[in-house]
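**Student:** Quick one: the structure is below, questions incoming.
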Amino acid sequence: MSEAEYEALSLSLQVALRSVICSLPLAVAVAWLLTRRRFSGRALLDAFVHLPMVLPPVMIGYVLLLLFGVRGPIGHWLYAHFGIRTAFTTAGAALATAVMAFPLMVRTIRLALENVDRGLEEAARTLGAGPLDRFLSVTLPLMAPGILAGAVTAFVASLGEFGAVITFAGDIPGQTRTLPIALYAALQAPDGGAAAARIAALSFALGLAGLFAAELLARSLRRRLGR
Amino acid sequence: MLNARLQLRRGEFTIDARFNAPAPGITALFGRSGAGKSTLMHLLAGLTRPDAGAIGLDGECFYDSERGIDVPAQARGIGYVFQDLRLFPHLGVGGNLEYGLRRASRRRGARLEFARVVALLGLEALLARRTWQLSGGERQRVALGRALLAQPRLLLLDEPLSAIDAARRHELLPYFERLRDELALPMILVTHRFDDVVRLATHVVLLEAGRVLGQGDLPSVSLRSEMRGLLGPDGIGAVVEGCVDSVDAGAGLASVRVGTGRLLVPSEGLRTGEVLRMQLLARDLILATAPPQGLSVRNQLHAVVTGLQREPHHHVLVSVDAGGAALLARVTEAAARELQLRERQEIWVLVKAVSLRSQQQ
């Protein structure tokens, strides 16, 4: 493995980790809203969350560029107040993968929340637990296997995100050149065949390992819950 | 004392109930399944909001639709042992027990200590277990302990004995009796089994289709005509309470004072001075207009007829007063005619059998 490939690997892991850590609390909140709250605009929120699954990733990258580019409304504000730039940075790559993996994460967490026995929350109520207390001490622990599964699946999916990342964050070695982008770059180079094969094999092993790890973790958590 | 007046409408089903539960003691909500017993419990606990009504416990108001009071369930201090128990699977037995305790001691301080409840319910050996490693009876005790440790001022028990087999029932009943007798904690027990009522209840509320048919102490409720619908024609009978006068272990018999008379019952487990509660089924009583002689039936009570009520299938239900103890006897119409039964007539009551009995404190 060359140094550039090693760099792409470590960058991919970094980007995926940042993306999952930042979007996880939001995904739990959205899953909770969609499952437990009845409000007008719920169907709209549901559709909006799922958009990245059905739209071309390049288009998502383009929309991000419009919003978060230095001249975009959010990007301009971030830069003017905090000096933060997202477009064409590692943070931007994480943002793009987070948006793309978000629906996957919300769906898994939502499924876990729907499986939480409301009766147990009622029991917690009669034992003196208020709404937030109940959520933290009963609902969240019972959802934990699902949250974990959602996070790991999103992590693995983030490792492979290509279209949105290259559109929004570009192909900057050491900053935004993640594994799939490195793979694409290798394929474009005249003598990149061997490198491309190595990166492809690496991506394959990573994805497989991630999915196995998710299954093992979820199984051990379920065992703790006696299921 | 709990005072409740509750109205709720859910589609075809309506609840319109008004009842009291004296404290301390166990109040049984007795009725067939579907009578609205569990819904009433949810309303009391604050898990379901009634359409109208009021709930007060010892002068404190939890709910009053007119005054706009609705204390949330978590602030009511009403313990609830659910029919399906609802132990937290992500916590061990110890974690379940401490769940309510920790929250209650933060708020009001703990009156019932952990060690006392663990000893009372025999939970020492279970503390380190996970909840799925428990048997049915053990789960029941853990759920009970968890509710008690939340320091409730009223404990709701929803069919606590229905989910377990007969052998486990006998294991569990003494725990409930201990709670009733050792803790000055008012409890409401939902049940569809009359033997649970006889064994545990100090006060009874009869429920049918969301309405209260009657309430009071068990001996007086047992005489009500509505009991026929709840227990079936062969299940009706007066419940009487009497003090154990003497125990003759040699003969295996104990003498129990009922009204002005005495009944001899098997002495097994009885001590002098105890109060014994017995159900005497109407079909197990025989009436005689003269003191009977030469019979194998030893139990005779001298009584006065207080009422006659025609029943289906040519039967007559005769109410009698045996020196303060009210009893019900069923005779055929033909027999009633031949004996010329009428009110205020003196009569002898022969008791063939005592169907249910339980020792009271």
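**Student:** Does any residue of the stretch A:10-19 turn out to be touching a residue at least 60 places away in the same chain (Cβ under 8 Å), under 10 Å from the mean Cα position of the chain (by Cα) and within 17 Å of A:Arg107 (Cβ to Cβ)?
**Tutor:** yes
**Student:** Okay, moving on. Restricting to the stretch B:101-114, count the residues that are modelled with pLDDT of 90 or more and within 30 Å of the chain's Cα centre (by Cα).
**Tutor:** 2
**Student:** Taking into account only those residues within the stretch A:132-169 that are open to solvent by 10 Å² or more (accessible area, probe 1.4 Å) and β-branched (Val, Ile, Thr), which is farthest from A:Pro56 (Cα to Cα)?
**Tutor:** Ranking the candidates gives A:Ile147 first.
**Student:** For B:Arg129, are the conditions met, namely being on the phi < 0 side of the Ramachandran plot and surrounded by fewer than 16 Cβ atoms within 10 Å (Cβ to Cβ)?
**Tutor:** When the stated conditions are applied, B:Arg129 passes them.
**Student:** Moving to a separate point now. From the set of residues in the stretch B:116-126 that are at pLDDT 90 or above and open to solvent by 30 Å² or more (accessible area, probe 1.4 Å), which is nearest to the other protein chains (Cβ to nearest Cβ)?
**Tutor:** B:Ala125
**Student:** Just checking, does the stretch B:218-237 include any residue being in contact with a helix residue (DSSP H, G or I) (Cβ under 7 Å, 6 or more places away or on another chain), in a strand (DSSP E or B) and at pLDDT 90 or above?
**Tutor:** yes
**Student:** Can you tell me which residues in the stretch B:196-217 are among the hydrophobic types (A, V, I, L, M, F, W, C) and not in a strand (DSSP E or B)?
**Tutor:** Matches in the stretch B:196-217: B:Val197, B:Val198, B:Leu200, B:Ala201, B:Ala209.
**Student:** In this structure, is B:Phe88 within 14 Å of chain A (Cβ to nearest Cβ) and either farther than 28 Å from B:Glu208 by Cα or of a type outside the set (A, V, I, L, M, F, W, C) (or both)?
**Tutor:** Yes: the conditions hold for B:Phe88.
**Student:** Tally time: how many residues in the stretch B:138-165 are within 11 Å of B:Gly100 (Cα to Cα), assigned to a helix (DSSP H, G or I) and out of contact with any strand residue (DSSP E or B) (no Cβ under 6 Å at 6 or more places or on another chain)?
**Tutor:** 4
**Student:** Go over the candidates B:Gly307, B:Gly294, B:Gly250, B:Gly269 one by one and state the one that is over 30 Å from B:Leu6 (Cβ atoms), surrounded by fewer than 19 Cβ atoms within 10 Å (Cβ to Cβ) and modelled with pLDDT of 90 or more.
**Tutor:** B:Gly307
**Student:** Now, a different point. Can you tell me which residue within the stretch A:179-227, out of those that are farther than 25 Å from A:Met143 by Cβ and not in a helix (DSSP H, G or I), is least open to solvent (accessible area, probe 1.4 Å)?
**Tutor:** A:Gly192
The values are calculated or read from the model by the stated rules, or taken from the named source; none is laboratory data. The model shown is predicted, which means the values in this text are computed figures rather than measured ones. Positions of Cβ are generated from backbone atoms using ideal geometry, with glycine treated the same way; all protein chains shown enter the neighbour counts. What goes into the accessible areas is simple: the full protein's heavy atoms, side chains included, and nothing from ligands, DNA or RNA. Shrake-Rupley method; radii C 1.70, N 1.55, O 1.52, S 1.80 Å.
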